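Each reported figure results from applying straightforward, stated rules to the coordinates on display, with no laboratory input. The model shown is predicted, which means the values in this text are computed figures rather than measured ones. Positions of Cβ are backbone-derived with ideal geometry, glycine not excepted, and every protein chain shown enters the neighbour counts.
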Amino acid sequence: MTRKDLLDALTVLAREAGDAVMAVYASDFDVAVKTDASPVTRADVEAERIILAGLARLAPDVPVIAEEDCAAGHRPEIGPLFFLVDPLDGTKEFVSRNGEFTVNIALIENGEPVLGVVFAPALGRLWRGARGLGAECVGLSDGSVRPIAVRAAPKDGLVAVGSRSHGGPETTRWLEAFPVAAFTTAGSSLKLCLVAEGAADLYPRLGRTMEWDVAAGDAVLRAAGGLVTRLDATPLAYGKRDRPDEADFADPPFVAWGDPGLIRPT
């Protein structure tokens, strides 16, 4: 299967999972709390079931690290190639019914996200990209397909984007080192997609995330010409396991950059 064929297949799979998410979204659903105090709903579980079954058909030999599967204690061994799945990124946004949640599927190769699909079913938009293929935004209502790319940093000030649910004074202080003219908020991996399509220039995330939260959006951003780095400006890597002081697949603070000329240690 070519990379383009895989991207197309994962797009179909993300849309199937998104349909399941929206069916729950339209119902009077219950919310449970996981051991890490994060919320989970039937939509998370149903979407992940669909994605795992689809990946087993498409690439049965490629391991999958998926959020709810990991929460249940299932963490398969991984090699140089594996998938990262967040079946419902932004469960808090889902519960609050603001529409800013996504289905995320990414392919990791040698620690780098080389292909990713981010589907926002309530917004009717899907972002996807792969190394060597570029990135694009698909509008499901009109069938439009728009190539996307990061923008050059504007001379009249940057647009920063931050978390709707996880911002704070630390992020505000961090942004003071940059000529930020506007700040906007968004939920889930939509923030990475805003940088990828040139609607924002940088996105700092100084709090805790997991690799499945970030990988698909990072893949789209890299395909669009940007990059996600640690605060020391080294690229964010994936497949982090067996660390004495940190959970498997947990991310350090990071920054998503549009224009590569902005990248610097902070």
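Seen against the Cα atoms of the chain and their longest principal axis, helix 211-223 is set at about 60 degrees.
Ranking Ala177, Gly54, Val103 by Cα position along the charge dipole of the chain, where only Lys, Arg, Asp and Glu carry charges on their C-beta atoms, puts Ala177 farthest toward the positive end. Once the Cα atoms are used to define both axes, helix 3-25 deviates from the longest principal axis of the chain by about 80 degrees. Highest mobility in the GNM of the chain, judged by mean-square fluctuation with C-alpha springs under 10 Å and restricted to Gly134, Gly187, Gly143, is found for Gly143. Less than 18 Å from a label point 7 Å out along the Cα-to-Cβ axis of Asp5: which backbone N atoms in segment 90-112 qualify, by residue? Output list for this probe position: 107. Residues of the chain were split at every exposed loop site, defined as GluC sites (Glu not before Pro) in a DSSP loop with at most 13 other C-beta atoms within 10 angstrom, and the longest piece left, sites excluded, is 78-175. Placing +1 on the Cβ of every Lys and Arg and -1 on the Cβ of every Asp and Glu, with nothing else charged, gives the chain a dipole about its Cα centre of roughly 620 debye.
Could you tell me how many degrees, from 0 to 90 and to the nearest 10, lie between the Cα long axis of helix 42-58 and the main elongation axis, the longest principal axis, of the Cα atoms of the chain? Between helix and principal axis, roughly 80 degrees. Of all the options Ala26, Ala122, Ala43, the one that moves most in a Gaussian network model of the chain with Cα springs shorter than 10 angstrom is Ala26. Comparing Ile105, Ile65, Ile50 in a Gaussian network model of the chain where C-alpha atoms under 10 Å apart are linked, the largest mean-square fluctuation is found at Ile50. Dividing the helix sum by the residues of the chain, where each DSSP H run of 4 or more adds -39500 (n - 2.57), gives a mean residue ellipticity at 222 nm of -9000 deg cm²/dmol.
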